[in-house]
Amino acid sequence: MNKLTAIVIGAGDRGTDAYAPFALKNPDKLEIVGIAEPLDDRRTVFKEKFNLKDNQCFKDYNEILHEDKLADIAIICTQDKLHFQPTIHALKKGYHVLLEKPMSPDANECIEMAKVAEENDRILSICHVLRYTKFFQKLKNIIDSGKIGKVVSVQHNENVGYYHQAHSFVRGNWRNSDETAPMILAKSCHDMDILIYLIGENCLKVSSFGSLTHFNNENAPKDAPLRCLDGCPHDDACPYYAPKHYLGDNIGWPVCTITTDLSYDGRLKALKEGPYGRCVYHCDNNVVDHQVVNLEFEHGVTASFTMCAFTHDVGRTIKIMGTNGEIRGHLNSREIEIHNFCDNSMERISLPVPKSGHGGGDFGLIKDFVDLVNGKRCDSLTSAKISVQSHLMALAAEKSRVEQRIISIDEFFK
């Protein structure tokens, strides 16, 4: 297998810490040869981590894509609304593209990217990493084996976690759908995609309910200041008090995303000056903090999905109900139970600890993409053509939530 080269566009958490490190662990398979990142400190961190030279570092995607083709692959990890232009440019330049999810908050852009990839005979894969976890692949194998008969219904939960919601969707980059994407797309297009993967049918109809219930001004405690460090009288009682989460011993995720200076003084400065030190009740967020989605698939299969901020754990749980049995699964604990209706038996499966984030899906995705580009595989689990449907489902769910009506996927697509 040939060693491939890649450029990375966007040196945030996903680009720097989730995908590109595959090259450090597998130097015989992939080498990072360029970075485009507008923020100087992030670009410097990436440069040092991947041992790049000055002439391999660029401030934006226009600069790096203006050059002659520098690599085999472009890994694009910009913000949601900034995916379309660099993806189109890279595909036309001849790069195979690995694109962070969601593809785009605009359905037309999602469809156009898939079209341009096909027209230019390039691979465009979307980072739906859950398909590459041992957990969901095992669930798929159990379903396909017929152990629980025909799947009739699925209950799928995304436990966002109270601190994850506050970090990413109240204070953080995905707090405002006008700037990024609706939360059901930004956070949970993964989950729409995994339901398609497991059920193996097309989605026909969607209905959804949800709102921003808690993280708003009217729920602010009395005399709560705009920033936590401005003398908040509720520091002990508030579960979202910023210093509790960012000034302790942990400097991994999510702390590592608030600044590149992870010293105590660096983190303190970030809370005093940056978005992560704001009171969660005085932010400019507008995305939901809880949402339910009901889905009807072909041949009468139904699914319900619940996404909620107010959970202790961060992770996904699932129950798959079939005519001959039931599967229960917990992604974080890597535990799967299979209950057989015929003999009332129960089988428990414990999966090994994964070697990368998202239950091992991050590196599983990169390995699969490298194999695709090298011709070792002929199809992708997460091609743009496949991934468009999950994006349409998420966008249709948001339309249903806002307009309070059932949405037909076919009508929405047209």
| said: Quick check on my filter: what residues within the stretch 226-263 are in a loop (DSSP other than H, G, I, E, B), aromatic (F, W, Y) and either more than 18 Å from H282 (Cα to Cα) or under 25 Å from the mean Cα position of the chain (by Cα) (or both)? | reply: Y240, W253
| message | Taking the criterion of being closer than 24 Å to G359 by Cβ, of a type in the set (A, V, I, L, M) and not in a helix (DSSP H, G or I), would at least one residue in the stretch 203-218 satisfy it? | response | no
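Conditions (1) crowded, with 21+ Cβ neighbours inside 10 Å; (2) of a type outside the set (S, T, N, Q); (3) in the same structural domain as D313 (by TED's automatic domain parsing), marked per residue:
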| position | (1), (2), (3) |
| --- | --- |
| K150 | no, yes, yes |
| V154 | yes, yes, yes |
| H164 | no, yes, yes |
| H167 | yes, yes, yes |
| R175 | yes, yes, yes |
| S188 | yes, no, yes |
| D193 | yes, yes, yes |
| G200 | no, yes, yes |
| C203 | yes, yes, yes |
| field | Selection count where residues are loosely packed, with under 15 Cβ neighbours inside 10 Å and either under 17 Å from the mean Cα position of the chain (by Cα) or hydrophobic (A, V, I, L, M, F, W, C) (or both), scope the stretch 341-365 | value | 4
| request: Could you please let me know if K47 is in contact with a strand residue (DSSP E or B) (Cβ under 8 Å, 6 or more places away or on another chain), surrounded by fewer than 15 Cβ atoms within 10 Å (Cβ to Cβ) and not hydrophobic (A, V, I, L, M, F, W, C)? | output: no
| task | Please work out which one of (1) of a type in the set (G, A, S); (2) without any contact (Cβ under 8 Å) to a residue 12 or more places away in the chain; (3) under 18 Å from Y162 (Cα atoms) is the condition G277 fails and give its number. | result | (2)
| message | Condition (residue is crowded, with 16+ Cβ neighbours inside 10 Å, part of a loop (DSSP other than H, G, I, E, B) and among the charged types (D, E, K, R)) applied to the stretch 333-340: is it met by at least one residue? | response | yes
| request: Give the residue, chosen from V152, V170, V160, that is touching a Gly at 6+ places or on another chain (Cβ under 8 Å) and of a type in the set (V, I, T). | output: V152
| note | How many residues of the stretch 267-324 are assigned to a helix (DSSP H, G or I) and either surrounded by 15 or more Cβ atoms within 10 Å (Cβ to Cβ) or among the charged types (D, E, K, R) (or both)? The answer is 11
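Can you give me the number of residues within the stretch 2-42 that are of a type in the set (K, R) and either within 20 Å of H89 (Cα to Cα) or surrounded by 18 or more Cβ atoms within 10 Å (Cβ to Cβ) (or both)?
So the answer is 2.
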| field | Contacts under 6 angstrom Cβ, first residue in the stretch 152-172 being farther than 18 Å from N216 by Cα, partner among the aromatic types (F, W, Y), 6 or more apart | value | H156/F305
| Set D54, D60, D80, D144: member being farther than 16 Å from G15 by Cβ and assigned by TED's automatic domain parsing to the domain that holds G15 | D54
| remark: Scanning the stretch 342-355 for residues that are touching a residue at least 60 places away in the same chain (Cβ under 8 Å) and outside any strand (DSSP E or B) gives L351, P352, P354
| task | Could you please give the count of residues in the stretch 297-353 that are acidic (D, E) and within 23 Å of G210 (Cβ to Cβ)? | result | 1
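The values are calculated or read from the model by the stated rules, or taken from the named source; none is laboratory data. Values in this document were obtained by computation on a predicted structure and should not be read as measured data. Neighbour counts are summed over all protein chains in view; Cβ atoms, including those assigned to glycine, are modelled from backbone coordinates with ideal geometry.
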